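Q: Handing you a structure now.
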Amino acid sequence: MRTHLHVTPWLLLLAVACGGESKGSAADAIAKAVDQKKEAKKDEPKVAPKPKVVDPTAAPWTVDAIRAAMVPGTKLVYERSGVDAKGKKVGGKLTYALSNASDDGATTSYTLDPDPGTNKASSQPANTPWSTLGPFFAMEKPTPTISGREEVTVPAGTFMASKAEIADFFGNHKTVWMIVDKPGVHAKVIESANTSTEGDKTQITY
């Protein structure tokens, strides 16, 4: 009785190939594969970091940023229009000046041109503590409510600004547009009637 052993040719070739492969060549192949994987990873496009999410109702400035930007000699000039408390038209220019700055606050003053003769104390220096609202157009114990950010166009240009309604302890009210990338600078200010004064018609835009 004869026994016939049938071996598939490709299996025989595989066995010979595997049997003849050295341990060194196998290690080299693995190392090469690892290197290729590393190279492929290097070629992968870098993912850009996600942009920081900004809260539009948060204060656009920090006290440190304002303190650094508001140096002695800073001047801001605004066109002035609207009506005063008695309903009389106003005009001219308002110039704010910062004469001194310390760790605690800033010294500011303002002048009106032409001088209406009703702001004799305006040019007197006023000391204002640092706050996230800036040293100009300061109010007593202010309570700000920031509604969001928007573009505002004024004679000086177009700016991205945070709009805020600010009321103070004495009933004064202002709507301000704080320029996001210019700490301490308002693009526009609207001074409204004092809620504690009956018949006040103030509505002045700077």
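Q: Could you tell me whether VAL152 is touching a helix residue (DSSP H, G or I) at 6+ places or on another chain (Cβ under 9 Å) and touching a residue at least 24 places away in the same chain (Cβ under 8 Å)?
A: So VAL152 does not fit the description; no.
Q: Evaluate the stretch 113-126: report whether one residue or more is more than 16 Å from the chain's Cα centre (by Cα) and crowded, with 17+ Cβ neighbours inside 10 Å.
A: No, there is no match, as no residue in the stretch 113-126 is more than 16 Å from the chain's Cα centre (by Cα) and crowded, with 17+ Cβ neighbours inside 10 Å.
Q: Based on this model, can you work out whether LYS201 counts as among the charged types (D, E, K, R) and either buried (at least 18 other Cβ atoms within 10 Å of the Cβ) or not assigned by TED's automatic domain parsing to the domain that holds TRP130 (or both)?
A: Against the criterion (among the charged types (D, E, K, R) and either buried (at least 18 other Cβ atoms within 10 Å of the Cβ) or not assigned by TED's automatic domain parsing to the domain that holds TRP130 (or both)), LYS201 does not qualify.
Q: Separate question: I need the full set of residues from the stretch 50-71 which are among the polar types (S, T, N, Q) and touching a strand residue (DSSP E or B) at 6+ places or on another chain (Cβ under 9 Å), in order please.
A: Residue satisfying the conditions is THR57 alone.
Q: Which condition number in (1) in contact (Cβ under 8 Å) with a residue 24 or more places away in the chain; (2) surrounded by fewer than 15 Cβ atoms within 10 Å (Cβ to Cβ); (3) farther than 25 Å from GLU165 by Cβ is the one that ALA101 fails?
A: Going through (1) in contact (Cβ under 8 Å) with a residue 24 or more places away in the chain; (2) surrounded by fewer than 15 Cβ atoms within 10 Å (Cβ to Cβ); (3) farther than 25 Å from GLU165 by Cβ one by one, ALA101 breaks only (2).
Q: Also, I was wondering about something else. Please work out which residue is modelled with the lowest pLDDT, limiting yourself to the stretch 120-163 and to residues that are in a strand (DSSP E or B), β-branched (Val, Ile, Thr) and under 22 Å from ASP104 (Cβ atoms).
A: For the stretch 120-163, the residue satisfying everything is THR128.
The values are calculated or read from the model by the stated rules, or taken from the named source; none is laboratory data. Small disclaimer: the values here were computed from a predicted structure and weren't measured. Counting neighbours? That spans all protein chains shown, and the Cβs are built from the backbone with ideal geometry, glycine included.
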